[in-house]
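A quick write-up on the structure given underneath.
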Amino acid sequence: MTQSRSTAAPMLDVIIIGAGVAGLYAIHKLRQQGLKVRAYEQGDDVGGTWYWNRYPGCRCDVESLEYSFSFSPELDQEWKWPERYGNQGEILKYVRHVADRFDLRRDVQFNTRITSATFDEASSQWTVKTDKGETITGRYCIMATGNLSTPRKPDIKGIDSFKGKWYHTGLWPHDGVDFSGLRVGVIGTGSSGVQSIPHIAKQAKHLFVFQRTANFSLPAQNAPMDAEKERRHKQRYPELRSQAVNTPFGIAGYPPPTKSALEVSEEERNAIYERKWKEGGSISFLYSFTDLLTNKEANDTASEFVRNKIRQTVKDPKTAELLCPNDHPIGTKRLILDTNYYETYNLPHVKLVDIRSHPIEEITPEGIRTSDGQHYDLDAIVFATGFDAMTGVMKEIDIRGTNGLSIKEKWSNGPLTYLGIMVAGFPNMFMVTGPQSPGVKSQMIFSCEQHVDWIANAIRHVSERQSRRIEATPEAEMAWVAHNNEVAESTLYVMANSWYMGANIPGKPRVFMPYVGGVTSYVQKCNEVVANDYEGFKLSA
Ligand code: NAP
């Protein structure tokens, strides 16, 4: 009879789950506070989202000079980004460099999945178990698990019968995939689909794109890094980094809009959109006017501008019309940045299949059959079908707080958090960029650093008070959730069936998850809480 191996590791001050951007910065920050920390990482290297999402064309939609750590002025000056937007390989190289430069790897255990995390009331500490049979205890547990970490392959009839190869964009093979000469089907036209489709089209003999919902995409206008721009940006780094906090998305350097889209003539409006289109980037475009995300009529002008661009680009009018999004206001789903996405549909071997009108009925051993009886013969299928976002990863780990309550039960009707950092009933457990914080609606690295800094201060505060335990009160949590919902309701975001709403997962509660009140007011709130002696949190021995 075999027995599962169970070894007791020494107690840590802080257990960190995940060694992506958030986990790595948490190691760095907390070690500086003299704490004994260790991160547990499922992959065999650092990088998190940039480790897993290796699909062709994967690129960040925030400019590389901004999408980077801010904690080291030396790092800011030393690192050279080759392009305006970093591609997956470059960003992973950067994250690896950070891990080496700050000697972070020695506190990471790779190839290790955390299966459970349990809070012990008597000792006020967390015990986590790994898939290797280890048991680790620590005073605090930090979920640095990311928001888009649970790739989702849809539940389509016959999916396992397919005889060809299939891939998910969020779990891409490390040595790449060669689609040369193959008939390929891509299911999904979110950011991952839109970025990968032009690249897959370059190799495939035939490419069928199965689109259920059209999304808005803008040209990234990616280019090699402009040396002069880089020099100027590096000169102003400290100032730009500190200004980021006074912006809605945690990104400085974009002049905020001053006018409503409805205040100017159509000619002026379109000239502004045209300039932003040529500049590239989503922040710049959404900053065209003050009310694009709050006033439907204003938003319609921007949505129509982009639809007209699609009609001008795609030669076949029927395909162009199918590619025009018409079920949500622009910007209420993650605005995509692409390179040659719409142009790809002018290639003779690329076909858009409208699965809104004729849904996929089944995946057969040879391909995909749609409800109009069409069968698409395929050698490979790419699922660009997204993630169980924001809450998926937390629910995959069996997390139990006081009285044995699981996070899965607690969040059965949607996430409940205080500031997106803590959950009432789960003392000493912190989340980095959890639901109801701006995380995914901001420059992610900025938000990871802001949360880790806040958490590090909270841990110091608990120890200065000679306490052992910090937890969010149910009242503070309830008020924060209500505020989060109220803010979301005042915007157009709730009009879209997006992953922000949990709408992409059948059966998932429809609750708007990110905080969309902007980085400035969020950070202010976090600081006020501290100034008011950790208002909404309870400390105990
Ligand atoms: P996504 O935005 O959730 O898109 C998933 C796509 O798959 C949608 O088009 C969806 O259609 C389709 N789909 C899902 N289930 C389906 C089914 N059963 N049958 C047919 N179609 C189905 O996922 P994603 O593209 O991976 O992007 C997720 C997020 O990751 C992005 O919003 C972004 O925040 C982040 N991301 C960022 C970058 C970047 O920085 N550049 C790149 C990639 C991803 P419906 O809309 O009809 O459900």
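Every number here is computed from the coordinates shown, using simple stated rules; none is lab data. Predicted, not measured: the structure shown is a model, and the values here were computed from it. We place every Cβ from the backbone using ideal geometry, glycine too, and count neighbours over all the protein chains shown.
Packing, taken as the mean count of other beta carbons within 10 Å per residue, orders the peptides 436-445, 528-537 from highest to lowest as 436-445, 528-537.
For the chain, find the longest principal axis of its Cα atoms and tell me its angle to the long axis of helix 191-203, 0 to 90°, nearest 10. The angle comes out at about 50 degrees.
Averaging Cα coordinates gives a centre for region 246-306 and one for region 427-466; these two points are 31 Å apart. In a reduced charge model with +1 at each Lys and Arg Cβ and -1 at each Asp and Glu Cβ, region 450-541 shows a dipole moment near 320 debye about its Cα centre.
What translational diffusion coefficient, in µm²/s and rounded to a whole number, does the Stokes-Einstein relation yield for the chain at 37 °C and a viscosity of 0.692 mPa s, taking the hydrodynamic radius as the Kirkwood radius over Cα pairs? Approximately 134 µm²/s, per Stokes-Einstein.
Sorted ascending by nearby beta carbons within 10 Å, beginning with the fewest, 58, 324 become 324, 58. Would you mind checking the pairs 163/410; 129/408; 259/333 and listing those with alpha carbons more than 29 angstrom apart? Over 29 Å Cα-Cα: 163/410.
The calculated FRET efficiency for the pair residue 483 and residue 178, based on their C-beta separation and a Förster distance of 60 Å, comes to about 0.75.
Near the amide H of residue 16, within less than 5 Å, lie the amide hydrogens of 38, 39, 40, 142, all on another chain or at least 5 residues away, with H placed in the peptide plane. Fully extending the segment from residue 32 to residue 131, taken as 0.36 nm per residue of separation minus the present Cα-Cα distance, adds 32.7 nm. For region 170-175, 3J(HN,Hα) computed residue by residue from phi via the Karplus equation (6.51, -1.76, 1.60; θ = phi - 60°) reads x, 9, 6, x, 5, 9 Hz, glycine and proline entered as x.
Once both labels are positioned 7 Å from their Cα atoms along Cα-to-Cβ, the gap between residue 202 and residue 113 label points is 3.3 nm.
Normalised radius of gyration (Cα atoms, divided by 2.2 N^0.38 Å) for region 5-82: 1.35. Cβ crowding within 10 Å, taken as a proxy for footprinting-reagent exposure, orders 353, 14 from fewest neighbours to most as 353, 14.
Spin-label pair residue 232-residue 171: with each label point 7 Å from Cα along the Cα-Cβ axis, the two points sit 4.6 nm from one another. What the Cβ-Cβ distance of residue 358 and residue 396 gives, at R0 = 41 Å and to the nearest 0.05, is a FRET efficiency of 0.75. 3J(HN,Hα) along region 251-266, derived from phi through the Karplus expression 6.51 cos²θ - 1.76 cosθ + 1.60 where θ = phi - 60°, amounts to 10, 8, x, 10, x, x, x, 10, 10, 6, 5, 8, 8, 10, 5, 4 Hz, with x in place of Gly and Pro. Note on residue 121 and residue 538: the extension gain reaches 148.7 nm, defined as 0.36 nm multiplied by sequence separation minus the Cα-Cα distance. Only helices enter the 222 nm calculation for the chain: every DSSP H run of n ≥ 4 contributes -39,500 (n - 2.57), and dividing by all residues gives -9500 deg cm²/dmol, rounded to 500. Its Cα gyration tensor gives region 303-379 an equivalent ellipsoid; the semi-axes, largest first and in whole Å, are 26, 15, 12.
Dipole of the chain computed with +1 at Lys/Arg Cβ and -1 at Asp/Glu Cβ about the Cα centre; of 111, 407, 270, farthest Cα towards the positive end is 111.
Above 17 Å, the calculated P(r) of region 345-412 contains 63 percent of its Cα-Cα pairs.
For region 175-333, what is the convex hull (Cα atoms) projected area averaged across all directions, in square nanometres? Average of the hull's projected areas for region 175-333 equals 12.3 nm². A Förster radius of 35 Å, combined with the Cβ-Cβ distance separating residue 153 from residue 520, puts the computed FRET efficiency at roughly 0.35.
Among the listed pairs 229/278; 165/205; 132/165, those with a Cα-Cα distance over 19 Å are 132/165. For region 424-505, the C-alpha radius of gyration divided by 2.2 N^0.38 Å, with N the number of residues, is 1.30.
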